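Here, each number is a calculation from the coordinates, and none is a lab measurement. The structure presented is a predicted model; accordingly, all values stated were derived computationally and were not measured. Cβ coordinates were reconstructed from backbone atoms using ideal geometry, including for glycine residues, and neighbour counts include every protein chain displayed.
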Amino acid sequence: MEKDTKALDAPKEYISSLPSKNVRAMLLLALNVWFHLSAAQLAGLTEIISQLHNASLILDDIQDQSPMRRGQPSTHMVFGVGQSTNTATFMIVETLRKVDLLVPQSHQAQEIIHTGLKTLFTGQSWDLYWKSENYCPTREQYLEMVAGKTGALFQMVARLMFCLAGSESADQKSLIKACDAFMHELGVYFQVRDDYRNLQDASYMAQKGFCEDLDEGKFSYPVVLCCEINYLFKKPILELFGGLKYKRGGMELEDKRKVLAMLDKSGAMGATEIAIKAWEDKLLKMVAELEKQFGCSNPALREILEKLAA
């Protein structure tokens, strides 16, 4: 007798139904210009990456106590913390089975997933630890954390595509390394861009709320830069972030404006904008190099970068 999994599936179906730009799915399609995976392989890999991403979003919203996701109530606001955590955990476990079905008895594929998940969860652990301890990391610590928390999933995409394409010969090592480096930089850029938009972009605020990262006491890239650039601003920011532990509903609007004023006055927002532009230029150069190594241009990948930069 087949077990009733409606309660287990409901949070998964809900997060999947929310509006999404499907960047990772588009990225897979673009990369396949080079890898030439079959339609079945591409569909299977897209499902795996999408499921891992959605599971991480559910857990991330719970851990950040974020009430909104993509302009709608977060999954745990609809189904509760317990049920949402249970489903997200199962979603991650289920991807291991799906990887085995996609690449049967492949130790390499399982290792890619296990290593990627460990890197992702390690990055998230530092993000949570800094918020809990009210510790502002250095820029280097922040970038290392982001490389794990956000970059790991991007790197899993490329590594699994190489695995499916059977491109593990000795003469492919430099290509694999170059592709891995690109996905690493793309993941870091993606998160820094997200940090900036959370504090600056009106359309983003409509989706997540006004400067939601400040409600969480999150040490995002602009905040880290501000504390490095102007030490006098570090103490008041830490005091405001520390006070969030003792209040519900996040940071007061007046306090958010104070933090934004410090970020602007210190030059952190401007420096973040410059850094984002530098990442965009670097990524385009890396794509050009990959096009040379693969021996094929990739307009679809360039289009994704252009849309992200818009």
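Counting Lys and Arg as +1 and Asp and Glu as -1 over every other residue whose Cβ lies under 13 Å from the Cβ of residue 87, the net charge comes to -2. Rounded to the nearest 500, the helix-only mean residue ellipticity at 222 nm of the chain stands at -26000 deg cm²/dmol, with each DSSP H run of n ≥ 4 adding -39,500 (n - 2.57). Each Lys or Arg adds one and each Asp or Glu subtracts one; over the other residues with Cβ under 15 Å from the Cβ of residue 30, this totals +1. Just checking the listed ones, 75, 89, 119: in the Gaussian network model of the chain with Cα springs under 10 Å, the one fluctuating most is 89. Placing +1 on each Lys and Arg Cβ and -1 on each Asp and Glu Cβ, with no other charges, gives the chain a dipole about its Cα centre of roughly 240 debye. Once you treat every alpha carbon in the range 6-98 as an equal point and sum by Debye, what is log10 I(q)/I(0) at q = 0.17 Å⁻¹? Debye intensities relative to I(0), on a log10 scale: -0.73. Taken about its Cα centre, the range 91-243 carries a charge dipole of roughly 100 debye when the Cβ of each Lys and Arg holds +1 and the Cβ of each Asp and Glu holds -1. For the listed residue pairs 98/282; 235/277; 118/307; 149/307, the alpha carbons are over 27 angstrom apart in 98/282; 235/277; 118/307. Which one, (1) 18.4, 53; (2) 22.3, 70; (3) 20.1, 66, gives Rg and Dmax of the Cα atoms in Å as derived from the coordinates shown? For Rg and Dmax of the Cα atoms in Å, the calculated option is (3). Per-residue Cβ neighbour counts within 10 Å put 241, 121 in the sequence 121, 241, beginning with the fewest.
Charged side chains reduced to their Cβ positions (Lys and Arg at +1, Asp and Glu at -1) give the range 1-123 a dipole of some 220 debye around its Cα centre.
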